[in-house]
Amino acid sequence: MKIIHVSAECYPIAKVGGLADVVGALPKYQNSSKVSSQVIMPFYDNTFTKENLFSAIYEATLNLGDTSHVFRILTLKEKTLDFDVFFVDVPELLYKEYVYSHNDTERFLAFQIATLDWMLSWETVPDIIHCHDHHTGLIPFMLQESYKYEVFRKIPNILTIHNAQYQGWFSHIKVGLIPPFNFDHVGLLDWGSEINPLAAAIKCAWKVTTVSPSYMNELKMAANGLESLLSSESAKCVGILNGIDWNVWNPETDTYIIENYNIKTVASGASANKKYLCDTFNLDFEKPLFAFIGRLVEEKGSDLFPETFKLALEKNNATILLLGSGNKFVENQLDALKNDYIGTYNAFIGYDEKLSHIIYAGADFLLMPSRVEPCGLNQMYALRYGTIPIVRSIGGLKDTVIDISETNGFGICHEDVSVSEIIHAIDRAIALYKEPSKYKKIRTKIMEIDHSWDVSAKEYINLYNSIN
């Protein structure tokens, strides 16, 4: 079986969020399950493309309405990944230092058209075309409706929704950019009086998946306007929990962290990483270390951090380390806090992959008070490294973390996103930290939980088989 994943992101090539981690791991694990899984993505002007050499294997011209663009399909000259990646190079539109901007309609439409135009030249068509998020959402529509791609109409296609908040809306004025189709079916593109690529994909895809079972259920109640559509299409919708790359995220072999460790040596190994963090960021080693890693956006609850951290730090019984960037106002507030709580708080505004690994290894608790969390990978990374997650029970967080008050519980959960709820969760964590034997038992227990891609990859393959 030949699977083609079409995505705007793929780790380690281009990463903005969890989409990259999924597309960078799922094909690898699918290949190990005896299917052929490949990725097609845009060719960006970034560190990865500058540090590698590429060969052009195809060149043609694509049409965006009345505008033509020459495009090439590139491959890596040296095989550095565990799966094949093909790059769509449209220099005027895609070869940018960024992945996303405020005006991406033409960029990602060109990417999708070029992908399908290239596929027209293939001698053997794929068995499954797997599209990821709205950036590839018009592919299911074009496969079904565009005259040019009639040969592909019997190829099953799947849409995975990684985050339904972003839908790729654009005006009907630009409908002419899409390759000609039966205009009687233009309603398939429409949702809320605009062309909505994500909505079109939900309507046209053979199957729709989301990245956790709970998130699929939640979308029927809160999907940024798509609730009724997802409810009406629920028969073809399924939630499959993401996994994590068990080889990349492995405290026993991780080259980023200060000292490697396993379940038997977690106490000393995690302590060495915590000491490095405390020495580097001037934090009190004896106190429990709470960390946050991620985007400083409303979805993550980070707008509550300035007030929450002040209240938590005034009690002087914990330390907090933050790694992230996003909303500039929140960034400035969190950065300013460093002057008021020297020795108990610090922040690295930005992103650093090495530092993130050390934090997962060295923190005692990981904060994830998300308002929206389709799956969440950070809590799985934390579990893998023996760091106890503190999460709001929503989406994938609800599916992966059980509160310590329940049978077989191992995390700390709260129901609402509020300063008082987060503070209460932190207080519960501190109380747990003060019970060394219980804390140690939970730490070793969570490292045994298997959230690798092995299970998830097989679920996707079973889904492919059901429609192929």
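On the first, second and third principal axes, largest extent first, how far apart are the outermost C-alpha atoms of segment 266-446 in Å?
Principal extents (Cα only, largest first): 41, 33, 31 Å.
Using the 10 angstrom Cβ neighbour count as an exposure proxy, how do C375, C204 rank, fewest first?
Going from least to most buried by this count: C204, C375.
Using alpha carbons only, how many degrees (0 to 90, rounded to 10) separate the axis of helix 266-281 from the longest principal axis of the chain?
90
Two decimals is fine: what's Rg over Rh for the chain, C-alpha atoms, Kirkwood radius as Rh? List each step's numbers first, then the result.
Working: Rg = 23.0 Å, Rh = 23.3 Å.
Across the chain, the Cα-based Rg/Rh ratio is 0.99.
According to the Kirkwood expression over distinct Cα-Cα pairs, how big is the hydrodynamic radius of segment 217-322, in Å? All intermediate terms of the calculation are to be shown ahead of the outcome.
Working: mean 1/r = 0.0563 Å⁻¹.
Its Kirkwood hydrodynamic radius stands at 17.8 Å.
Pairs to check: K50/K354; K96/K174; K79/K445; K315/K440; K310/K445. Give those whose C-alpha atoms are more than 28 Å from each other in this structure. Before the final figure, lay out the partial values.
Details: K50/K354 20 Å; K96/K174 22 Å; K79/K445 37 Å; K315/K440 24 Å; K310/K445 32 Å.
Among K50/K354; K96/K174; K79/K445; K315/K440; K310/K445, the Cα-Cα distance tops 28 Å for K79/K445; K310/K445.
Could you quote the convex hull projected area for segment 151-302, Cα atoms only and averaged over all directions, in nm²?
Directional mean of the projected Cα hull area for segment 151-302 stands at 14.4 nm².
State whether segment 1-60 is rounded, prolate or oblate according to the following rule on the C-alpha gyration tensor (a ≥ b ≥ c being the square roots of its eigenvalues): a/c under 1.5 gives rounded; otherwise a/b larger than b/c gives prolate, and the remaining case gives oblate.
Values: a/c = 2.03, a/b = 1.28, b/c = 1.58.
Oblate is the answer for segment 1-60, as a/c is 1.5 or above yet b/c matches or exceeds a/b.
Principal axis extents for segment 1-100, Cα atoms only, whole Å, descending order, please.
That gives 44, 27, 25 Å along the principal axes, largest extent first.
Going toward the positive end of the dipole of the chain, with +1 on Lys and Arg Cβ and -1 on Asp and Glu Cβ, which of V175, G243, G137 do you reach last?
With unit charges placed on the Cβ atoms, the residue in question is G243.
First check a/c for segment 50-141, with a ≥ b ≥ c the square roots of the eigenvalues of its C-alpha gyration tensor; if it is under 1.5, answer rounded, and if not, answer prolate when a/b is larger than b/c or oblate otherwise.
Taking the square roots of the gyration eigenvalues as a ≥ b ≥ c, segment 50-141 is rounded.
Can you tell me the orientation of helix 305-314 relative to the chain, as the angle in degrees between its alpha-carbon axis and the longest Cα principal axis, to the nearest 10?
It works out to around 10 degrees.
Rounding to the nearest 10 and keeping the result within 0 to 90°, find how far the Cα-based axis of helix 18-31 lies from the longest principal axis of the chain.
70
Name the chymotrypsin sites (Phe, Trp or Tyr not before Pro) in segment 347-380 that are in a loop by DSSP and that have at most 14 other C-beta atoms within 10 Å, would you?
Loop-located and lightly packed - Y351.
At 222 nm, what helix-only mean residue ellipticity would the chain give, in deg cm²/dmol to the nearest 500, using -39500 (n - 2.57) for each DSSP H run of four or more?
Working: 16 runs with 167 residues, N = 468.
Dividing the helical sum by the residues of the chain leaves -10500 deg cm²/dmol.
Fewest Cβ neighbours within 10 Å first, please rank M447, M41, M380 accordingly. Can you show the working numbers first?
Working: M447 18, M41 26, M380 23.
Ordered by Cβ neighbours within 10 Å, fewest first: M447, M380, M41.
Pull out the extension gain between N317 and S33, defined as 0.36 nm times the separation in residues minus the alpha carbon to alpha carbon distance; nm, one decimal. Don't skip to the end; give the middle numbers.
Numbers: separation 284, 0.36 × 284 = 102.24 nm, distance 4.83 nm.
Full-extension gain reported as 97.4 nm.
Can you sort V401, V35 so the residue with the fewest Cβ neighbours within 10 Å comes first?
Sorted ascending by nearby Cβ count, the order is V35, V401.
Not counting the cut sites, what is the longest span of the chain without trypsin sites (Lys or Arg not before Pro) that DSSP labels loop and that have at most 14 other Cβ atoms within 10 Å?
316-433
Rule-based calculations on the coordinates, nothing more; no lab input. What you are looking at is a predicted structure, and each value in this text was computed from that prediction instead of being measured. So basically every Cβ, Gly included, is an ideal-geometry build from the backbone, and we count neighbours across all protein chains shown.
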